[in-house]
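Values quoted throughout were computed directly from the atomic coordinates according to the rules given, and no laboratory measurement underlies them. Everything quoted here is computed from the prediction, not taken from an experiment. No Cβ is skipped: glycine too gets one built from the backbone with ideal geometry, and neighbour counts run over all protein chains shown.
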Amino acid sequence: MASAGYTKPEGTREFLQERLTFFAKWVFLIWGTLVGALLLMYTVFPSTSPRRLWTLYPFTLSALAVLGVLWFWVLRRMQLSVSALRAIDVAYVALIGSDFGLTAFLASDKGANMYSAFVWCVFLLFARALIVPGSPRRTALVSSVALAPLVAAAVAVGLLRPEDSSLPMSALVTGVVLFSATAVVLATLATGSSGSGVIFRLRKQVREAQQLGQYTLEEKIGEGGMGAVYRARHALLRRPTAIKLLPPNRLGEDSVRRFEREVQLTSELTHPNTVEIYDYGRSPDGVFYYVMEYLDGIDLEKLVKAYGAQPAGRVVHILAQVCSALGEAHRRDMVHRDIKPGNIILCTRGDVPDVAKVVDFGLVRELEQGGQSAHEIVSGTPAYLAPEAITDPDQIGPASDLYAVGAVGYYLLTGERVFDGKTAVDVCTQHVTATPVPPSERTDQEIPEALETLILACLEKSPGQRPSSADELAELLGTLDCAAAWTVADSKAWWQSYQRPSPAATDADTVSAEVLPAAERTMTVDIRAR
């Protein structure tokens, strides 16, 4: 289904214009060559020239010029709508058919011209059936339009110039009609079995496959290890959405069923700093999907990579919003388990700039696989994993999310991760055993001592030594002197200067997992390999 304002996918329009341009180019070149060859033949062999040659050629050359303009200046240089392209398709063959019909009538004193005009017109229709994508029904319609002038020419010759035909009028017209009908049927069959027909059907199937319930997929905006994210549009509502697809063949049916249960729980969260989930379901082929609000902004990973370490006041502003969102989830006994810069998106909401949105709640922990227990399997992003998530995944709780918040704050302040290593296991080992270097020692930017102390408190190895809750951490952030340093005016100024390279997806998978270092990627680690 599509809303009233929905247009056909851009890929369909581009493909049709490309094929129609190719067809128009070669028809123009071949027809121009044919006209030139006939002129040369009539000059060298005057006896073959029809009596009304100079009456015919002005129209033929004018028609050729129009076709050249349509190909060279219109199809090659303009971006046309699908309806405009379809109109040009009909106009092209109608103009050629009209010229062939006029040729058959004006050159009827040479009996072969009637039949040669038919042959060339049929060549044209078969070429179109092979090149231009379309349904068999449309091919039948366009072919009929092209051949109608030839049928009219046969009737006109029989009525007005019977002396030019060796056949009675009834036989001539009947033969032309039967010949035309056969040509239409063959061209239609060619469309159904040729490459253009197959392509048309395949592209139609792709469009139908892009329909998920009331949502039409428009553009892929991200893909990662768990699935792909698409920008989509509801059939009736005009607002854009983001849809994440989780195919069972990639994750396993058990994991998909668990994701479905967790999406149901996540959809109950209503905090303004939590991405809103609108809908979820399964496609006919078993792909689980859930529909989120579409966030046109930038995730924190891209923010730091593009703009470097962030001012302390802005970091406090962002972290306080994240903690506020986590507070609601923790009170409902939900743990995010994968807080990281890529799962926090900054955007503008209701003309309010610098709104942080937390995405992907509870969608990363995996069940037991291949006989390995939860104690042997660690799921998450190594650069932001709490020590207990590595040593005893069963003990993951709200404090694990707060550790990740501290690691995100560290990254925002310094542009560096808390720990780096050659492998994901190296990074995990450091989270368990190593002491973080204070952020102030890894950047030239001034970091208030109280903020640094709070960040390091979040990074304590023992969950009991971290802030007691997300709400407490949000409150502590709000009491810092630098909390007021980042103002609404600062936020508006930054967003006014921000140039969107492309719409941001509401998902950590915006950047393909294949191009991310292991420490930055949501993944599963076998800790027995240490």
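Odds and ends about this structure:
- The amide H of TYR278, built 1.01 Å from its N in the peptide plane, has VAL291, MET292, GLU293 as neighbours under 5 Å, considering only residues 5 or more places off or on other chains.
- Under 13 Å, Cβ to Cβ, from GLU460 - net charge with Lys/Arg +1 and Asp/Glu -1: +1
- For the range 212-292, the residue among HIS234, THR270, LEU246 whose Cα projects farthest onto the positive side of the dipole built from Cβ charges is HIS234.
- Residue order, fewest to most surrounding Cβ atoms within 10 angstrom, among SER98, SER83, SER324: SER83, SER98, SER324
- Oblate is the label for the range 50-153, because the ratio a/c of its alpha-carbon gyration tensor axes (a ≥ b ≥ c) is 1.5 or higher and a/b is not greater than b/c.
- When each of LYS305/LYS461; LYS305/LYS340; LYS357/LYS492; LYS244/LYS461 is checked by Cα-Cα distance, pairs over 23 Å: LYS305/LYS461; LYS244/LYS461
- Förster-model FRET efficiency, 30 Å R0, VAL44 and ALA94, C-beta, rounded to 0.05: 0.40
- Whole-Hz couplings from phi, Karplus 6.51/-1.76/1.60, listed for the range 409-419; x for Gly and Pro: x, 4, 5, 5, 6, 10, x, 10, 7, 4, 9
- Distant-in-sequence amide contacts of GLU218, defined by a placed amide H-H separation under 5 Å and a gap of 5 or more residues or a different chain, comprise ARG231, ALA232, ARG233.
- Extension gain (nm, one decimal) between LEU141 and ALA127, 0.36 nm per residue minus Cα-Cα: 3.5 nm
- Of the peptides 442-454, 293-305, 271-283, the order by per-residue mean of other Cβ atoms within 10 Å, starting with the highest, comes out as 293-305, 271-283, 442-454.
- Here the spin labels are modelled as points 7 Å beyond Cα on the Cα-Cβ line, and at THR174 and THR487 they lie 9.5 nm apart.
- Backbone HN-Hα couplings from phi across the range 275-291 [Karplus 6.51/-1.76/1.60, Hz, Gly and Pro as x]: 4, 8, 9, 8, 6, 7, x, 10, 6, x, 9, x, 6, 7, 9, 9, 10
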